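Each reported figure results from applying straightforward, stated rules to the coordinates on display, with no laboratory input. Here the structure is a predicted model, which is why all the values come from computation and not from measurement. Every residue, glycine among them, receives a Cβ derived from its backbone with ideal geometry; neighbour counts consider all protein chains shown.
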Amino acid sequence: MKRAAIAALSISASLVSAAKADDFTPDHLSLVAGYKAAFTCSAHFNAGRTVEQITGDELHRIYPGYRAALGTLPAADVDEKKKRVSVSFGDGFPPRVAQWRPHLGCVQLPSGADGARVPRVSIKQTRKLTQPLPTALSDDAGLQAVVSAAFDRATYGEGTETTALVVVKNGVVIAENYREGFDATTPQRTWSVAKSIAATIIGAAVEDGLIDIDEPAALEAWSAPGDPRAAIKVVDLLHMSSGLDAGPAGNRTDDVYFGGGRAIDHAITRRLIATPGSRWFYANNDTMILIRTLRERMDDDQAFLAYPFEKVLHPIGMDHTFLETDWNGDFILSSQVWTTARDLARLGLLYLNNGVWEGKRILPEGWADFAVTPAPDQPAPQRSDGSQRGGYGAQFWLFGPRHGLPEGTYAALGNRGQHLVIVPERNVLIVRRGFDDNGGARFDIIKFAVDALAALPQDAQD
């Protein structure tokens, strides 16, 4: 048993001895049971990981407020035949249930559902599995040292846990490494890297004439005469500038992520508190609403569910990617995507290639430039702890010289250390995946990117 699993089991045992289920409200236990069911289901059926591995990684060092309650829950019931996971949390009440589906991964049933009626939808593979990315691993000692340091749990953040690292230059994988238990085909949850995937899907919809980003989102729920939310444009959602209330922490939408709630009940029902386009506020809800906008434009649920796979993922070879939905069939593309490091590299290559893949245009001409154009309002340049923060474009973070990086660098960033860094000036991509402490030390992706770029030789294309 690897060290992380031993530590996790030890912590779990101590939490059980220190707390009991009666110490927590049913509402809290329901959320934590949903977390356990969702991650066990997705990691097992999307990624083929064992319950022991999941205990040591996906369920280790999670939200601090969830840890003690997690230790009081019974073992997950994994039904291999039905591809379903159940986690009990209270006597006389149905367990929390997550059900796996091909391509769509695991969907959580609402709290209180007994699992007898699981939404049945299917997505077809629209192309054969693609050839691997071109690979010519560099033997440069400097680059190898930087890559190795990413896994030492100290150089780029004390206690950080790297699982995968891929560096691509000029379209070729030149560095690649994985932690024990992971390889090029093992997906992990992207967390908020999913937001950049969402923006890419919207870009494809713009290319197909389904959406005009300068028009109002025009959701049915906002169509009543006098509803001020009718003024929210698609571009406002892309910029995290809807003006909607998102609570004190817009990155915590636990009722949808772990409570089995529907996006239409928790995201689009928020009230307007600022003029659309005038205030930047990081909000999962804005991304969920963004994708809901596409669904209502298409007005064909089966076509909507297939669209991301047919128009983006499968054409560029993201064949190990799962886009998960709520039980109402809305993609939760603010977080609930499972994918591999190499699939994320393909996403980055699509942007470096200005939206074209193998001669076919996937994204509109200039979409990559739009994605990195700063939103009208910007986040504070520093976090509360004094660390540097990026700017914000259209569901991508923006970096540059003030971070020690080339002008025009941008990134998709997610919880627990999920990173895709795109450096057009050097034609370089960096993908890092991990299981960093949720609420603890974060992997310093800026420092790593600076060091990796310094280790790469300049060439005529730089």
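Under 21 Å of direct C-alpha separation, and excluding same-chain neighbours fewer than eight residues apart, Lys36 reaches these lysines: Lys2, Lys20, Lys81, Lys82, Lys83.
Counted by Cβ distance under 15 Å from Gln388, the other residues give a net charge of +3, where Lys and Arg count +1 and Asp and Glu count -1. For the chain, the relative contact order is 18 percent, taking Cα pairs closer than 8 Å that sit 6 or more residues apart in sequence and dividing their mean separation by the residue count. Have a look at Ala303, Thr269, Ala221 and report the one farthest towards the positive end of the charge dipole of the stretch 194-305, computed about the Cα centre with Cβ charges (Lys/Arg +1, Asp/Glu -1). About the Cα centre, the residue reaching furthest to the positive side is Thr269.
Placing pseudo-labels 7 Å out from each Cα toward the beta carbon at Gln302 and Ser223 gives an inter-label distance of 2.3 nm. A straight chain from Lys124 to Lys81 at 0.36 nm per residue would run longer than the Cα-Cα distance by 13.4 nm. Stick to Cα atoms and the Kirkwood definition of Rh, then tell me Rg/Rh for the chain. Across the chain, the Cα-based Rg/Rh ratio is 0.95. Size descriptors for the stretch 194-305 (Cα atoms only): Rg and Dmax, in that order, 13.2, 37 Å. Would you mind counting up the charge near Asp245? Only other residues with Cβ under 12 Å from its Cβ, with Lys and Arg at +1 and Asp and Glu at -1. Here the charged neighbours net out to +3. Three principal axis extents describe the C-alpha atoms of the stretch 82-225; from largest down they are 61, 49, 35 Å. In summary, the lysines within cross-link reach of Lys169, defined as a Cα separation below 27 angstrom excluding same-chain residues under 8 places away, comprise Lys128, Lys195, Lys311, Lys360, Lys447.
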